[in-house]
Amino acid sequence: MVNKIYDFLKNNLFIIIFLSCICIVIFSFAIIYKSQIVISPYQSNDIITKTYLTTNEKYDIEIYYPSTKYKTVNKEIITLINPYIEKLKVDTKYFVPVNINDKFKLKINYELRRVNKNIVSIVLKSNYSYGNSLNSIEITSVTYNLNTEKKLLLNDFFDERFAYIKFLCDESKSALLNNKTISEKTLKFFLDDISNSYQNSFDSYAFSDTHVCIYYNANKLSSKYNDIYEIKIPWENVKHLLKENIIFK
């Protein structure tokens with residue numbers, strides 16, 4: 001029996017190797033195809049808006065946030081929103097209002113950036129205020145592949161063999177320098193921060209079918225600042241830094 005198996009393998013070695021190679025190639029192509037990210041315009045109403053409103057003698061909360069049919073994604077969105085609510089509750093724990101209009105206020109809106117049907121960036125913009133003494137504006141974001149419910153990061157798009165973080169920061173510095181609305185003092189803070197800490201200089205990012213967005217929150221520089229700066233970098237400008245599985249249509 002052993003001899004028969006040996007003879008069969010010996011006589012059909014070339015065919016076995018050939019078939020094995022075909023299987024390996026097919027398997028490799030399947031992996032590549034499965035991991036492809038196709039950047040293509042997509043419009044749909046598959047994501048709805050939910051509202052959370054509450055008011056009492058100490059504060060008003062007005063939150064509009066996206067809701068999908070995917071539990072993991074929805075849970076992540078709530079996780080991003082909850083810290084703002086908790087901070088408000090902590091800040092007002094011992095707060096005694098002077099009158100009916102003496103309140104803290106928290107308002108959160110959102111925008112969507114879509115890479116394609118499945119990949120969406122959710123950008124949350126919060127405004128936390130109290131009279132004229134406090135006004136903090138901030139952006140945070142998360143990107144998901146809705147089909148797999150997997151969170152996507154910069155390194156899901158960009159090849160880590162290239163210095164893509166530095167490139168994105170240099171593009172941001174150039175855009176900030178050309179922004180005539182930024183004061184010289186604020187601009188210097190930003191440029192120093194970016195130059196000294198490439199990896200952690202920007203606060204958030206999002207992806208669309210036309211560009212990658214980099215966000216800078218001015219409140220991280222000083223409580224006196226409450227602007228948000230969005231830098232839009234076209235995909236065309238970063239094609240040389242992207243992974244091979246990024247496909248444009």
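Every read-out reported here was derived from the displayed coordinates using simple, explicitly stated rules and does not represent laboratory data. Note that the coordinates shown come from a computational prediction; the quantities given were computed from them, not determined experimentally. Here Cβ is always computed from backbone atoms with ideal geometry, including for glycine, and neighbour counts include all displayed protein chains.
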Sorted by Cβ density within 10 Å, fewest first, the residues L124, L88: L88, L124
Subset of K87/K185; K50/K107; K75/K151; K166/K239; K93/K125 violating a 18 Å alpha-carbon distance limit: K87/K185; K93/K125
Within-12-Å neighbourhood charge of I119 [Cβ basis; K, R +1; D, E -1]: +2
Cα shape, the stretch 48-248, gyration tensor, a/c 1.5 rule: oblate
Ranking of H211, H240 by count of other Cβ atoms within 10 Å, fewest first: H240, H211
Net charge over other residues, Cβ less than 12 angstrom from the Cβ of I228 (K, R count +1; D, E count -1): -3
Calculated FRET efficiency for the pair K150/S222, C-beta based, R₀ 30 Å, to 0.05: 0.25
Spin-label model distance (nm) - K125 vs A175, 7 Å beyond Cα toward Cβ: 1.4
Vicinal HN-Hα couplings computed from phi for the stretch 38-52 (Karplus, 6.51 cos²θ - 1.76 cosθ + 1.60; Hz; Gly/Pro x): 9, 8, 8, x, 8, 10, 6, 10, 6, 10, 9, 9, 10, 10, 10
Nitroxide proxy distance, nm - points 7 Å out along Cα→Cβ at E230 and I100: 3.7
Cut-off under 5 Å, modelled amide H: who pairs with I37 long-range: I246, I247
Extension gain (nm, one decimal) between Y42 and K93, 0.36 nm per residue minus Cα-Cα: 13.9 nm
Ordering of 102-112, 172-182 by burial proxy (mean other Cβ atoms within 10 Å per residue, highest first): 102-112, 172-182
Label-point separation, D60 to K243 (7 Å along Cα→Cβ), nm: 4.5
Total formal charge among the other residues, if their Cβ is under 10 angstrom from that of D156, Lys/Arg +1 and Asp/Glu -1: +3
